[in-house]
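A.B. asks: Below are the structure tokens for one structure; questions will follow.
Since every read-out is calculated from the coordinates, none of them should be taken as a lab result. Since the structure is predicted, the reported quantities are computational estimates derived from the model, not experimental observations. Virtual Cβ from ideal backbone geometry, glycine too; neighbours counted across all protein chains shown.
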Amino acid sequence: MIALRLPDDHLSVLCLGAHPDDIEIACGGTLLTLAKARAVSVKAVVMTGDASRGAEAREALPQFCPGADVEVLGLPDGRLPAHWDATKQALEDIAHTVQPHLIFAPRRDDAHQDHRLIAELVPTVWRDTLVLGYEIPKWDGDLSQVTHYVPVPAEHAARKVDLLENCFPSQRGRDWWSADTFLAIMRLRGMECRHQYAEGFVVGKALVLP
């Protein structure tokens, strides 16, 4: 297994989510680890979310990455493909103000239509940025092989789970929303890369410079 390292200096990160809590579920451990290891600035854009869910999103991410800037656009949940133009324009507008070193976004084979649309559009907007496609557990059972891993220290894995529980009270009644679910996926990905915990990502295209 070959280790790839991010630049040692300041890192600009863009996080894209279809729904409030997508980003934190998918890469919360990675964001906690990055924020601890280096100077990092985080911009997050969440495509859907009513007033209460939007408030959860705006309050949650800064607890993972202090100073994170969170924007909630309020497009209709579950209907992003019907709002293709608005979604595409939102991403283009973001690109005019943010040219990050790293983007976290859904993976292209995600079973949820909202996630999948964002994943399909991101490389049409940011053509020269490393995009890590994240995974989210769901009823559809779409977890599959990943290409890249970010080790997550045990304390950050535990912190991620605590923050998810505390920051998103609207989701606690869901049958899949549990510490066991979130820790199990991080433990599985950790086993695959010989760490206790990790988060897994898919990279569709990367440039190797000799």
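A.B. asks: Rounded to a whole number, what is D in µm²/s for segment 1-115 from Stokes-Einstein with the Kirkwood radius over alpha-carbon pairs (4 °C, 1.567 mPa s)?
C.D. replies: 88
A.B. asks: Taking the Cβ of each residue in MET1, MET191, MET47 as the centre, tally the other Cβ atoms inside 10 Å and list the residues starting with the fewest.
C.D. replies: Sorted ascending by nearby Cβ count, the order is MET1, MET191, MET47.
A.B. asks: Would you mind finding the longest exposed-site-free stretch of the chain, with exposed trypsin sites (Lys or Arg not before Pro) meaning DSSP loop and at most 13 other Cβ atoms within 10 Å?
C.D. replies: With a cap of 13 other Cβ atoms within 10 Å, the longest stretch comes to 80-126.
A.B. asks: At a Förster radius of 25 Å, what calculated FRET efficiency corresponds to the Cβ-Cβ distance of GLN196 and SER12, to the nearest 0.05?
C.D. replies: Approximately 0.30, to the nearest 0.05.
A.B. asks: State which helices in the chain qualify, where a helix is a whole DSSP H run, it must extend 15 Å or more along its own axis by its Cα atoms, and its mean Kyte-Doolittle hydropathy must be at least 0.5.
C.D. replies: What comes out of the filter, once short or polar helices are dropped, is 22-37.
A.B. asks: Which of the chymotrypsin sites (Phe, Trp or Tyr not before Pro) found in segment 130-209 are in a DSSP loop and have at most 10 neighbouring Cβ atoms, other than their own, within 10 Å?
C.D. replies: Sparse-neighbourhood loop chymotrypsin sites (Phe, Trp or Tyr not before Pro): TRP139.
A.B. asks: If you don't mind, there's one more thing I want to ask. Return P(r) of segment 17-75 (all Cα-Cα pairs; 5 Å bins starting at 0; whole %; ordered from short to long distances).
C.D. replies: Spelled out per bin, shortest first, that is 4, 22, 33, 23, 12, 5, 1.
A.B. asks: Now, a different point. What is the diffusion coefficient of segment 58-155 in µm²/s, taking the Kirkwood radius over Cα pairs and the Stokes-Einstein relation at 4 °C with a viscosity of 1.567 mPa s?
C.D. replies: 86
A.B. asks: Residues with beta-carbon under 12 Å from that of ASP50, excluding ASP50: net charge, scoring Lys, Arg +1 and Asp, Glu -1?
C.D. replies: For residues surrounding ASP50, the net value is -1.
A.B. asks: Quick one: what do you get for the chain if you divide its Cα Rg by 2.2 N^0.38 Å?
C.D. replies: That works out to 0.95 for the chain.
A.B. asks: Mind checking the log10 I(q)/I(0) for segment 105-210 at q = 0.14, 0.24 Å⁻¹? Debye, one equal scatterer per Cα, no solvent, two decimals.
C.D. replies: -0.64, -1.33
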